1. Looking at Thr120, is it buried (at least 21 other Cβ atoms within 10 Å of the Cβ), assigned by TED's automatic domain parsing to the domain that holds Asp40 and part of a loop (DSSP other than H, G, I, E, B)?
2. Which of (1) within 16 Å of the ligand (Cβ to nearest atom); (2) outside the structural domain of Thr245 (by TED's automatic domain parsing); (3) touching a residue at least 60 places away in the same chain (Cβ under 8 Å) does Gln111 not meet, given it meets every other one?
3. Of all residues in the range 247-294 being of a type in the set (Gly, Ala, Ser) and assigned to a helix (DSSP H, G or I), which is nearest to the ligand (Cβ to nearest atom)?
4. Considering the range 1-44 alone, what residues qualify as being surrounded by fewer than 23 Cβ atoms within 10 Å (Cβ to Cβ), of a type in the set (A, V, I, L, M, F, W, C) and within 11 Å of the ligand (Cβ to nearest atom)?
5. Being within 13 Å of Leu150 (Cα to Cα), crowded, with 18+ Cβ neighbours inside 10 Å and not hydrophobic (A, V, I, L, M, F, W, C) is the filter here; which residues of the range 171-194 pass it?
6. Among (1) more than 21 Å from Phe142 (Cα to Cα); (2) modelled with pLDDT of 95 or more, which single condition is Glu284 missing?
7. So is Ile94 aliphatic (A, V, I, L, M), crowded, with 21+ Cβ neighbours inside 10 Å and either within 13 Å of the ligand (Cβ to nearest atom) or modelled with pLDDT of 95 or more (or both) or not?
Amino acid sequence: MSIAKLAILGGGQMGAGIAQVAASNGIDVTLIKATPGSSDPVKATIEKSLTRLVEKEKMSQAGAMEVMGRIAFTDDLGAVATADLFIESIIEDIEVKKAKFAEVDRIMKPQGILASNTSTLAITEMQDATERSERFIGLHFFNPPTAMKLVEVVPTRTTDPSVTSVAIGFCERLGKTPVLVADSTGFIVNRLLTPYMVDAMRCLEAGLSDIHGIDTAMQLGANHPMGPLALADYIGLDIVHAMATNLYESFGLEHMKPTRTLDHLVAEGILGRKSKLGFYDYSESPPVPNPALHG
Ligand SMILES: NC(=O)c1ccc[n+]([C@@H]2O[C@H](COP(=O)([O-])OP(=O)(O)OC[C@H]3O[C@@H](n4cnc5c(N)ncnc54)[C@H](O)[C@@H]3O)[C@@H](O)[C@H]2O)c1
C-alpha cells in the first residue's frame, strides 16, 4: 500500500507545511480546518510559501499552481472517509486529540492509517481512543516541515509492521529521513531539546545574561543555527509550554518544568513569532529582544 490520498486535521504552522510538502510530492491532500473560521488564511500561507520558491527559481509558476491544485481546503471532517492516511496536527492537548481520533476512526475507511504529529504526547494513549490500534502511528515532523528533513516515526506495541513500512515509505517519498523511536514522552528530539530551551529561560531569570547574550552564546559556542530563546519563539511558546508540562508530568524532573517566565508569557497570549511577540519583538525588522524581559 502506498499513500495516494492524505487528510490533515489542523491548518496551523505544521498542518499547512505538511500539506505543502505532501502536495509537492504528488500526493492529493485535504486540509481540514479544526477550529471555526475561513480556510483563506491557511491557503494564503501556503500560496505565499510557494511564491517564495518561485521567486527563488526553485519551482516554476506552473509547478506552484499544480501543488495548490492538489490541496483541497475544507472544515468538514467527513473528508477523511476516503483518505489512505490521516495526520492530526491540532492543539497539543491529549483530550482534544483523543476526541478527534475517536471521531475520525468512525468515519475513515477500515484500511486507512491514523497518525499524530504530536510533539510530546503518548501515541498509545491516542490510539486507545480508537478501534484500530494496529493501524495507528506517530509521525512527528519538524518546523518548518517544508525544510526540516527529520520525521520521528513512532510505532506503538500494537502497530502492524506493514503500517510502519508504509509510514516510512511515505516519509521517504516526501524527501524526509525517518528515524524510528519508541513511544515515550517527547520521543528523542523534544526530550533533549525542551529542557534545554527551558533551562535557557532559567538562565535569563537568574540574570546570567540578557536574551541576546544567551542566544549568541549558544549560536557561537555550540554552533547552533539559532539560540534557544529564538528557537522557543519559532516553535511557539504555547507548544514549548505544553511540551515542558508533558515531560515534567512523565519524568518528574525539575529541570523539565515550565519556568515562571514561560507560564506568564503563555497566560498573556505572548506566543513567539506567531503572535509577533515572545522573547523577541517581531514587529521590528530584524526582530529585537523583548524589552519587558530585560532584553
Ligand atoms: N510548532 C512546532 O515546532 C511543532 C513541531 C512538530 C509538531 N508540532 C505539533 O503539531 C501540532 C500543531 O502545532 P502547530 O505548531 O501547527 O500549532 P499552531 O498553533 O500553528 O496551530 C494549532 C492548530 O490547532 C487547532 N486548534 C486550536 N485549538 C483547538 C481546539 N480546541 N480543538 C481543535 N483544534 C484546535 C488550530 O485550528 C490550528 O490548526 C501540535 O500537536 C504540536 O505539538 C509542533
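The values are calculated or read from the model by the stated rules, or taken from the named source; none is laboratory data. The structure presented is a predicted model; accordingly, all values stated were derived computationally and were not measured. Don't worry about glycine lacking a Cβ; one is built from the backbone with ideal geometry, like all the others, and counts go over all protein chains shown.
1. The answer is yes for Thr120.
2. (1)
3. My answer is Ser275.
4. Listed by number, the residues that qualify are Ala34, Val42.
5. Lys176, Pro178, Asn190
6. Tallying (1) more than 21 Å from Phe142 (Cα to Cα); (2) modelled with pLDDT of 95 or more, Glu284 fails exactly one: (2).
7. Criteria not met by Ile94.
Residues checked against (1) free of Cβ contacts under 8 Å to residues at least 12 places away in the same chain; (2) outside the structural domain of Thr120 (by TED's automatic domain parsing):
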position	(1), (2)
Lys176	no, no
Gln219	yes, yes
Gly236	no, yes
Ala242	no, yes
Thr261	no, yes
Arg273	no, yes
Lys276	yes, yes
Glu284	yes, yes
